[in-house]
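First up is the structure itself, then whatever we jot down about it.
The values are calculated or read from the model by the stated rules, or taken from the named source; none is laboratory data. Just so you know, these numbers come straight off a predicted model, no measurement behind them. Counting neighbours? That spans all protein chains shown, and the Cβs are built from the backbone with ideal geometry, glycine included. These accessible areas exclude ligands, DNA and RNA; they are computed on the full protein's heavy atoms, side chains included. Shrake-Rupley method; radii C 1.70, N 1.55, O 1.52, S 1.80 Å.
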Amino acid sequence: MRPADRFAARPVIRGTGLVAVVAGISAVVTGLALPWTLSGSRHPDGVTIAGIVFLGPLLSGLCVAYARTEPRRFRLTAAVAAVAGLAATLVAIGLARLVEPSAGVGLGGPVTVAGGSYLTLGWLLAVAGGPGALPGSARPWLTVAATAVVLAALAGFAVDYAREARFVDATTAGDPPAAGEQTWPLPYVGVQLVGVHDQLAIVRAEDGIRAVWLASGAIAWRYLRSDLPTQTAGLVDGPAGGTVVVVFGTDDGVLVTALDAGSGQVRFTQRYQAGKMASVHGAGRTVVLAGSGIGAGDLLGIDATAGTLLWRWTPARNGGPCDITDLATTAVTVAVALRCRAQGVDDVAVGLTATTGAERWSWHTIQRSPTELRVYATGDGFVTVTGASPRRAVYMDADTGTVGNRHDAAGALAVPAAGGLLLYAEPSGERAHLTAVDVRTGAVKWDVGLPGLGSYQPLAATTAADKAYILWRGPDGRLRLIGARTTDGGATEDRTITCTTRCPEVALAAASTHAVVATREEKGAELYLSAT
């Protein structure tokens, strides 16, 4: 650069430095006023705040005043201010690093660090520009403004990285692989089989979610966090299609992330104050988060598209909290099964409006056994099942809670199917069988025997389209997956599932073309998947 060009550039450098100093002072003050943690909205202690203020904004102000009275020492004064700004930035960085990720990184720390960095940069530019006049025309100021916009954008990316991106390891799905024969089972890091979506099996691990191509066994996409452990996850059909909703635990609640089930794209991420969550359910345009058992805490209703908290409902009766024993949903109603003990044991099912959480109806039962109340969604109604032997099933309207026909449950394991059917799987040494009951009338639609399963016990069941899948365990620990058409009970498949040991924990999920069985060792960190 020629000497003339260098001197011509100095007003722009001075102007940029002035803007950076002013922006830095403003950002430091703003950052110290904002909370540094999301949990508890905590701030640094007063002494630390005073130190950052003194080294940053206050000392910068004093240096500006001194430089005006002693312009011959301008560069020395600016260098002192730059060193002080750097010291303030280092203090802020050290303090921000002390924030526990589980408490959530608030805006305060990153904004303070960004402000200190701007402050330091501004004074270094002042050293480079030296004493003199600022730009005298509009064109140099446009250059200053453009530079400030670029720096502001960089600061925005840096703040976002410090708060969120540095904890997240996420990829999205590419093109599906070509169909081929895959040898199952295959191991994956995971603790929960969330569901099956099209050609993907969704698996939850302690660190997040992974989706597996069933055609190849390869990972299709992932969403992992290094700062928070997962609590639960669910696959729901919302207004935007298949959505994986994963719940992470935080210091004072949960962080909920919704992901497109097919691609892994993030739809929303929000924090909520809540207790530990155990399950995720879809109810029309609402995602319902619920705890389980004693001390289940509040239910949350969340908008499935934007993540807005729609409602909060506390499971309580007669002045005391209730245990949540089961939950089922239709598009308009959430049915919660409770066991309340404030005044004796009271088993009650409560119907909540899916969009508002308002109570629509309640249904009480008196049980003579410790068996907990179960509730199943069947079309536009619910079926409650109580008792042990016999087990009584009652149909009720989802909107009004009006009780309809009753029937005796025809098996130990129940699963709802399309067309208002409830399928029962019953083990028996004489005749293991699968029975379909029309819940509105209580009539048996069909009943088929299951030869060779006399010593087996049903573990899990699910339905997809017009197929039902029931997983059975034999006395030797082996698993058999039985498939049947929901229209007439006709057999569709019968296969043995291979396990590395006795398969102590199992799960089953299905879509229209695939069924997936997951097995897991007790407290293990790996799931073994087998797909049809």
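What the table below lists for this structure:
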quantity: Loop chymotrypsin sites (Phe, Trp or Tyr not before Pro), the range 166-256 (other Cβ atoms within 10 Å of the site Cβ: 10 or fewer; DSSP); calculated: none
quantity: With Cα atoms, 0 to 90° folded angle of helix 138-163 axis to the chain main axis; calculated: 40
quantity: Cα gyration tensor shape of the range 419-474, rounded if a/c is under 1.5, else prolate or oblate by comparing a/b with b/c; calculated: oblate
quantity: Size-normalised alpha-carbon gyration radius of the chain, reference 2.2 N^0.38 Å; calculated: 1.30
quantity: Tilt relative to the chain, helix 3-33 - C-alpha long axis, 0 to 90 degrees, to 10; calculated: 50
quantity: Mean Cα-pair separation over length for the chain, i.e. relative contact order, pairs under 8 Å, 6 or more apart, %; calculated: 9
quantity: Cα gyration tensor, the range 298-392 - rounded (a/c under 1.5), prolate or oblate; calculated: oblate
quantity: Expected 222 nm ellipticity per residue - DSSP helices of 4 or more, -39500 (n - 2.57), all of the chain, to 500; calculated: -8000 deg cm²/dmol
quantity: Point-charge dipole on Cβ atoms (K/R +1, D/E -1) for the chain, about Cα centre, debye to 20; calculated: 1960
quantity: Average accessible surface area per residue within the range 373-441, 1.4 Å rolling probe, Å²; calculated: 39
quantity: Dipole of the range 135-288 [Lys/Arg +1, Asp/Glu -1 at C-beta], most positive-end residue of Gly136, Gln182, Leu228; calculated: Gly136
quantity: Cβ-placed point charges (K, R +1; D, E -1), dipole of the range 419-532 about Cα centre in debye, nearest 20; calculated: 60
quantity: Residue-count net charge about Ser292 - beta-carbon cut-off 14 Å; Lys, Arg +1, Asp, Glu -1; calculated: -1
quantity: Net charge dipole size for the range 208-288 [Lys, Arg +1 and Asp, Glu -1 on Cβ; Debye, nearest 20]; calculated: 80
quantity: Protection-proxy order for peptides 457-463, 254-260, each taking the mean of Cβ atoms within 10 Å per residue, highest first; calculated: 254-260, 457-463
quantity: Cα shape, the range 149-188, gyration tensor, a/c 1.5 rule; calculated: oblate
quantity: Angle in degrees between helix 108-129 and the longest Cα principal axis of the chain, rounded to the nearest 10; calculated: 30
quantity: In nm, spacing of pseudo-spin labels at Glu505 and Thr269 (7 Å Cα→C-beta vector); calculated: 2.6
quantity: Dipole of the chain [Lys/Arg +1, Asp/Glu -1 at C-beta], most positive-end residue of Gln199, Pro315, Ala274; calculated: Ala274
quantity: Length added when fully stretched, Ala146-Ser428, from 0.36 nm per residue minus Cα-Cα; calculated: 93.7 nm
